[in-house]
Amino acid sequence: MPQATRTFHLTLQHYAQMKMGSAMIAKLLRLSIVIGVVTGAGPIVQAGAIAIIDPSFEDVNAVTNAGQQWTSTNATTGWVTGNGGTQDPTSNNFGGTAPDGSRVAFTQGKNLLIQDVGKVILAPQQQFELAVYVGARNDGTPFGSYQLKLAYGTTDFSTTTVFATVIPNQTPDPGKYILVTLHGLAPTAAVGKELWVELEGSVQTVGQKLTSNLWDNVRLNTFPPSGPNVAVPEPGTLAIVAFGSVLAVSLRLRRRR
């Protein structure tokens, strides 16, 4: 039994023994058992943002080619890609203006842009919302179909299992960006595992040309399993409310005697 619940139970019992008869004690102790079950629930999932390393791809330290400003291994700090990197989208008519900051990431062909955001899955059916701006280049390079995914596993990406996927049908105009989102519920098997964000260009070529997708301002939010609009109190708050409820019940019962 959690400490807060155990202390509350003993305090209630002491109070009842001093002020009331045996029948009243039995009623209050039964109520305290029910409240103890509530306050002894598992990990509390708070709604809020989950930190993404370099969400707008502004870290220029990862750039290895000053001319093309791209890298084929580490797109930027925290991110890994098979073929892509970061770029100032205003240079060489590359891709308009970045939605956030001054740089964007890009993938070429059928490739992933991935990040391990850590062990943030605390409960089964915990809700996640992934949002990212997707853009099309403005230099004649074709835009390819794409996917957003959430996966769980270890720090080794090859061990991950995808639990949420969306294949948006929105296509941005050349030099423009659109906001796309993915919603997912974590399965029981994902609890305690690493959560991975995946941004994927799904098509290698259009015609004879290699495709390219632009990415910017990646955001990840989580909500309790019970829903994003349901506030979940802290265990301490539940204990205080429970204690107040018991005292209110006891006073009403005493007035009837």
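Any read-out appearing in this document is the output of simple, stated calculations on the displayed coordinates, not a laboratory observation. Note that the structure is a prediction, hence the values are computed from the model and not measured. Cβ sites come from the backbone with ideal geometry, for glycine too, and all protein chains shown count toward neighbours.
General observations
- Chain lengthening between residue 205 and residue 189 when straightened (0.36 nm per residue, less Cα-Cα): 2.1 nm
- Highest mean packing first, where packing is the average number of other Cβ atoms within 10 Å per residue, the peptides 104-112, 126-134, 202-210 line up as 104-112, 126-134, 202-210.
- Cα-based Lys pair tally, segment 48-223, threshold under 27 Å, eight or more apart or on separate chains: 10
- Each residue, residue 51 and residue 179, gets one label point 7 Å from its Cα in the Cβ direction; the gap between the two is 2.4 nm.
- Annotation: amide H of residue 120 within the under-5 Å range of 195, sequence separation 5 or more or interchain, hydrogens built in the peptide plane.
- Model label points for residue 90 and residue 169, set 7 angstrom from Cα along the Cα-to-Cβ axis, are 3.6 nm apart.
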